[in-house]
Amino acid sequence: MPTGTFSPGTGATFPVDGRVAREGAIDETFTTIRTSAGNAAATGDIAQVCIVTCSTTSNQFSAIERGIFCFDTTTIPAGNVISAGTIQFYVTGTVSTLAGSASIVIPAPASTSDLANSDYNIASWTMTKQAADIAIGTIGTGAYLPFALNATGLSNVKVAGTTIFGVVTNFDADNSAPTWSSGASSRLDIQFADAANKPQLIVTYVPGATGLQNKIW
């Protein structure tokens, strides 16, 4: 069966990858920081793909970051069906003082060539899990971390189109605040497309049904 391996482009170009965030010198409840407007966006040679950080004020938070990854899957012929798929990232570091996991979800950035602060808007995110979560505390560094796409994830690989996946913490995906601890954080660092080990979407596909194959008279 045919397979394809796809990666984002470098920098602010199609297909883009990067992260969006609400962060800085802020003290906000988890609900406020999760659902308010984004104030940062970055592409290029960056590290953090997802993060939740507690501030030093009790039950307040100072950062949420979300990763966005676009893949040009137009070379998968129209009419084919995705039978298997993996999205994987080369891990360079983790922080798990809040425990938590990394979740694969679906963002809807305004552009697939660049990212904007507004792409953080919670209305642009479908937090349905596209693969099983992976606990950040169990993730090693210096190697690719594969997420096997579930049936929902496979259905979101766009044949003859542009495929988009995102990475967030499970706290963000589940809309469930972690237990607050002063300055604590859960974070996953990876190599984005500007680095040597690019994010990869690897899929297997088969021709779709073209009609009735057998007749019983």
### Message
Sort 127-138, 172-183, 40-51 by the packing proxy (mean of other Cβ within 10 Å over each peptide's residues), most packed first.
### Response
40-51, 127-138, 172-183
## Note on the structure
Going residue by residue through region 27-34, the Karplus relation 6.51 cos²θ - 1.76 cosθ + 1.60 with θ = phi - 60° gives ³J(HN,Hα) values, rounded to whole Hz and with x marking Gly or Pro, of 10, 9, 5, 4, 4, 5, 5, 6
### Summary
D (µm²/s, integer) via Stokes-Einstein for region 49-135, Kirkwood Rh across alpha-carbon pairs, 4 °C, 1.567 mPa s: value 82
### Task
Write down the accessible area per residue of region 1-48 in Å², having rolled a 1.4 Å probe over the full set of protein chains.
44
### Summary
To the nearest Å², the heavy-atom accessible area per residue of region 74-210 with 1.4 Å probe amounts to 40
### Query
Taking all protein chains as present, what is the carbon and sulfur share of the accessible area of region 95-142, in % to the nearest whole number, probe 1.4 Å?
52
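Counting pairs of Cα atoms in region 1-70, how many percent are more than 13 Å apart?
Here the tail beyond 13 Å accounts for 66 percent of pairs.
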### Task
Work out the P(r) tail for region 72-212: percent of alpha carbon pairs separated by more than 25 Å, whole number.
32
## Note on the structure
Whole-percent tail of the Cα-Cα distance distribution for region 91-145, cut at 18 Å, equals 50
### Query
To the nearest 20 debye, what is the magnitude of the charge dipole of the chain about its Cα centre, counting +1 on the Cβ of each Lys and Arg and -1 on the Cβ of each Asp and Glu?
600
## Note on the structure
As a Kirkwood estimate from alpha-carbon pairs, region 56-97 has a hydrodynamic radius in angstrom of 15.4
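Grab the beta carbon distance between A108 and T29, set R0 = 30 Å, and tell me the FRET efficiency rounded to 0.05.
The value I calculate is 0.75.
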### Query
On average over all directions, what projected area in square nanometres does region 1-157 have, based on the convex hull of its Cα atoms?
9.9
### Selection from A110, T92, Q48 lying farthest towards where the dipole of the chain points positive, charges on Cβ
A110
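Calculated from DSSP H runs of 4 or more alone, at -39500 (n - 2.57) each and per residue, what is the 222 nm mean residue ellipticity of the chain, nearest 500?
Result for the chain: -1500 deg cm²/dmol, rounded to the nearest 500.
The values are calculated or read from the model by the stated rules, or taken from the named source; none is laboratory data. As the structure is a computational prediction, the values presented were derived from the model and not from experiment. Positions of Cβ are generated from backbone atoms using ideal geometry, with glycine treated the same way; all protein chains shown enter the neighbour counts. In case anyone asks, the SASA skips ligands and DNA or RNA and just uses the protein heavy atoms, side chains included. Shrake-Rupley method; radii C 1.70, N 1.55, O 1.52, S 1.80 Å.
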